[in-house]
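Here the structure is laid out as structure tokens; the discussion comes afterwards.
The values are calculated or read from the model by the stated rules, or taken from the named source; none is laboratory data. Small disclaimer: the values here were computed from a predicted structure and weren't measured. Here the Cβ positions follow ideal geometry from the backbone for every residue, glycine too, while neighbour counts run over all protein chains shown. The area values use the complete protein model at the heavy-atom level, side chains included, leaving out ligands, DNA and RNA. Shrake-Rupley method; radii C 1.70, N 1.55, O 1.52, S 1.80 Å.
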Amino acid sequence: HEDNSCLSRRFGDYVAFQMKRLLPQFFQPIAKDGTAGKPPAKIKVGYISSRFLANAVTFYMANRILRHDRNTFEIHVFSLGTRQDDMTKGLVNNCDRFVVLDNPLDYKLNAEVIRDSKLDILIYADIGMEIYSYLMAGMRLAPVQAALLGHASPTGLPTIDYFFSSEAEPDNAQKAYREKLIKLPGPGADQLYPPGLQGGAHQQLTRSRLGIPAEAFVF
């Protein structure tokens with residue numbers, strides 16, 4: 001294991017520098033809605049990814065969207081690209097607003113859509129899985145921005161405030177992160193099991209049922 005925090009910070013600074021050079025309007029301070037001293041009716045949380053589909057990242061983080069207290073939170077989901085499947089439909093039906101950003105390369109338009117949503121918090125599900133969300137995350141589109149453990153590496157971005165990981169992180173893990181590291185209990189998420197393993201079926205999984213040799217090391 002190598003500490004790549006120095007390299008990730010340098011790359012993060014490079015990304016933020018280039019995005020600010022190209023789109024400086026998305027680095028201006030964001031004014032908060034509401035009257036002074038009076039909190040908004042709901043906390044507006046946005047999630048962004050190009051993979052709101054049936055895949056490992058979504059199964060890991062989908063319950064964050066599905067199980068939010070809707071009396072407290074207003075959930076906005078931003079999908080980079082038009083790919084959809086049955087998992088996507090489930091998310092569409094369980095959020096307040098699902099926005100398809102058709103062209104992931106149109107950073108100006110996509111940033112305008114998100115910033116105009118006046119979110120309180122913007123959460124990136126999987127920074128590092130592709131370039132689109134990495135460059136979007138290099139801008140300031142919400143007062144608070146965070147990254148999930150969709151890709152198990154610090155982003156290095158000066159524009160990401162928090163990184164949600166798990167208690168599996170070592171005690172000194174913060175030194176590897178530019179973001180403030182938040183260690184959530186257990187694996188860091190309430191795993192959503194794929195179809196066929198839902199409803200408790202996963203509890204009956206055995207090596208023989210999955211065709212895994214008894215002596216094999218299982219991750």
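Over the range 132-173, the hull volume per residue, using the convex hull of the C-alpha atoms, is 81 Å³. With no solvent and one point on each alpha carbon, what is the Debye value of log10 I(q)/I(0) for the range 1-144 at q = 0.09, 0.12, 0.20, 0.21 Å⁻¹? The computed values of log10 I(q)/I(0) come out as -0.30, -0.53, -1.27, -1.35.
Among the protein heavy atoms, those of Thr206 account for about 60 Å² of accessible surface (1.4 Å probe, every chain in place).
Counting Cα-Cα pairs of the range 68-183 in 5 Å increments starting at 0 gives whole-percent bin shares of 2, 10, 20, 22, 21, 15, 7, 3, 0.
Full extension of the chain between Leu109 and Asp3 yields a length gain of 34.6 nm, computed as 0.36 nm times the residue separation minus the alpha carbon distance.
Report, in debye and to the nearest 20, how large the dipole of the chain comes out about its Cα centre when Lys and Arg carry +1 and Asp and Glu carry -1 on their Cβ.
Values: 25 positive and 23 negative charges, 92 e Å.
Rounded to the nearest 20 debye, it is 440 debye.
For the options Arg178, Arg67, Arg140, a Gaussian network treatment of the chain with springs between C-alpha atoms closer than 10 Å singles out Arg67 as fluctuating the most. Largest GNM mean-square fluctuation among Ser208, Ser165, Ser153, using the chain with Cα springs under 10 Å: Ser208.
A simple spin-label model places pseudo-atoms 7 Å from Cα toward Cβ; at Ala214 and Leu23 they are separated by 5.7 nm. Taking the longest Cα principal axis of the chain as reference, the axis of helix 107-116 is set at about 80 degrees. Over the Cα atoms of the range 41-94, the radius of gyration divided by the Kirkwood radius equals 0.96; this is the Rg/Rh ratio.
Just the number please: accessible area per residue for the range 62-183, 1.4 Å probe, all protein chains included, in Å². Show your work: numbers first, answer last.
Working: 5360 Å² over 122 residues.
Here the per-residue accessible area is 44 Å².
Helix 56-66 axis versus longest C-alpha principal axis of the chain: approximately 70°, rounded to the nearest ten.
Just to be sure I follow the definition: excluding the sites themselves, where is the longest run in the chain that has none of the GluC sites (Glu not before Pro) in a DSSP loop with at most 13 other Cβ atoms within 10 Å?
Details: sites that count: Glu2, Glu167, Glu215.
For GluC sites (Glu not before Pro) (loop position, at most 13 other Cβ atoms within 10 Å), the longest site-free span of the chain is 3-166.
Solvent exposure of Lys183, expressed as accessible area, is near 90 Å², computed with a probe of 1.4 Å over the protein chains only. For the range 87-211, the carbon plus sulfur part of the accessible surface works out to 54%, probe radius 1.4 Å.
Most mobile of Asn71, Asn93, Asn103 per a Gaussian network model of the chain (Cα springs, under 10 Å)? Among Asn71, Asn93, Asn103, the largest mean-square fluctuation in the Gaussian network model of the chain belongs to Asn71. Between the amide H of Ser166 and those of Leu184, distances stay under 5 Å, these residues lying 5 or more places away or on another chain, with hydrogens modeled in the peptide plane.
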